[in-house]
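Values in this text are rule-based calculations from the coordinates and carry no lab data. The structure presented is a predicted model; accordingly, all values stated were derived computationally and were not measured. Here the Cβ is made from the backbone with ideal geometry for all residues, glycine too, and neighbour counts use every protein chain on show.
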Amino acid sequence: MKNKIIIYQKYIYLFILFFSLNYFFLSTNLAFSKNINIENIKITKNFDENFEKNVVINSGFSLAFKELMHRLIKSTDQDKINNISLKSIRTFIDNFSIKEEKFIDNKYFVTLDVSFNKQKIFDLLEKKNVFPSLTKKKKLMFIPILVDQEKNDIILFSENEIYLNWVKEKDNKSLLEFILPNEDLEDIILIKSRYDELENYDFNEIINKYNLKDYIITLFYKNSEKIRVLSKVKFNKNLILDNQEFENYKSISELDEIIEKLKVNFTDFWKDENQINTSIKLPLLISVDLRKNNKIKEFENVMNNLDLVSNYFASSIDNKKIYYTLTFNGTHKTFINSIETTGLKLDVKNKIWNIE
């Protein structure tokens, strides 16, 4: 009877091991599928005797890579990656899909989604001595105030060309979403009463109405020749003061150029706040109980979406646990805090950390 029990236990163990190994290989394949996706790349090409679909798709890859770099790195670093060849770009792509294609009036229209291998992209940027940033989007309050220095007057809301032209249409690709205040008579009276102390005024009475923690308050001091731009930028409780100077605009197109330069500058500040130090490669070994299938799936989902995890994979397995090796671009404390925000519980008492 005892021998039968032992044989039975062996069969159970072999079944569990077989199941676990299958899951292990499935998990490993999933682990290396961590990508950065660039969606809705639109290309239009004349459909004539010189038309080649591969050429169109390749141009889509180049556009997708350009957009990826626009999201990941600051404007001041863009020159460092301008000479990346199409051949190299293709090696960074894990997969792509044609979302839509059509022919209209001898023109070919196609929309692509392109998935870039995150680790390969980070390796490229590290070789170029460029630190990427998290592609986090931020909604913030933006208050543009135009000060006519020659008339000693404050110009607000619908009378302010900057206010009217700042957001002409929604840009879904931008990392920053600017929320402009509504035209409010009380706000107009309040701001105009602060003419002599605008640079020191905190604007909390207005900002608090919109339940937004982050904001940019920009003062445009305008005379006949110049516009001096003073911005107070608050991201994550950090306050940045920025001064710029431009030639006074004589047309809406010139004003649009000023607005675009300021938006790029503000986005660079946001990228600074979310920069990843890829030179920090913290190796971690984390285990998960094999019996907790849902916990394994939850952990892998978190790893796939945690930006500072550059790569991870299931490295070993036994009859109780599956073990993951991962590389984290940050400190132990940052990793622990990141895991806690997802709702997972991490036991760090032993050398091998464990998901509870």
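Taking N as the number of residues in the range 171-256, what value does Rg over Cα atoms divided by 2.2 N^0.38 Å take?
Working it through for the range 171-256, the quotient is 1.21.
A simple charge model with +1 on the Cβ of Lys and Arg, -1 on the Cβ of Asp and Glu and nothing else charged puts the dipole of the range 35-127 at about 240 debye relative to its Cα centre. In this structure, the pairs whose alpha-carbon distance is over 18 Å, taken from Lys42/Lys173; Lys74/Lys173; Lys42/Lys271; Lys292/Lys320; Lys80/Lys139, are Lys42/Lys271; Lys80/Lys139.
If packing is taken as the average count of other Cβ atoms within 10 Å, what order do 240-252, 294-306 fall into, highest mean first?
Those peptides, ordered most packed to least, come out 294-306, 240-252.
Working note: Karplus 6.51/-1.76/1.60 with θ = phi - 60° gives the range 50-59 the couplings 9, 5, 9, 4, 4, 5, 5, 4, 4, 5 Hz, where Gly and Pro are set to x. Sequence-ordered 3J(HN,Hα) estimates for the range 288-295 from the Karplus curve with 6.51, -1.76 and 1.60 and θ = phi - 60° stand at 9, 4, 4, 6, 9, 4, 5, 5 Hz, glycine and proline given as x. Amide hydrogen proximity for Ile93: with H placed 1.01 Å from N in the peptide plane, the residues at 5 or more positions away or on another chain lying under 5 Å are Asn117. Projecting the Cα atoms of Asn238, Ile189, Asn223 onto the charge dipole of the range 138-273, computed from C-beta unit charges around the Cα centre, puts Asn238 farthest toward the positive end. Proximity of backbone amide H atoms, modeled 1.01 Å from N, is registered between Lys321 and Leu290 at under 5 Å, excluding neighbours fewer than 5 places apart on the same chain. The aspartates and glutamates whose alpha-carbon is closer than 16 Å to the alpha-carbon of Lys281, local same-chain residues fewer than 8 away aside, are Asp123, Glu126, Asp307. Can you list the residues, at least 5 places off or on another chain, whose amide H is less than 5 Å from the amide H of Asp214, using H built in the peptide plane? Under 5 Å from the amide H of Asp214: Met141. Each residue of the range 127-133 was assigned a 3J(HN,Hα) from its phi angle through the Karplus curve 6.51 cos²θ - 1.76 cosθ + 1.60 (θ = phi - 60°); the sequence is 5, 8, 6, 10, 8, x, 10 Hz, with glycine and proline shown as x. From helices alone, the chain scores -11500 deg cm²/dmol at 222 nm; the rule is -39500 (n - 2.57) for each run of n ≥ 4 DSSP H residues, then divide by the residue total.
Computed from Cα atoms, the angle from the helix 332-342 axis to the main principal axis of the chain rounds to 90 degrees.
The modelled label-to-label distance between Glu159 and Asp318, using points 7 Å beyond Cα along the C-beta direction, is 7.6 nm.
For the listed peptides 57-65, 90-98, a ranking on the average number of other beta carbons within 10 Å per residue, highest first, reads 57-65, 90-98.
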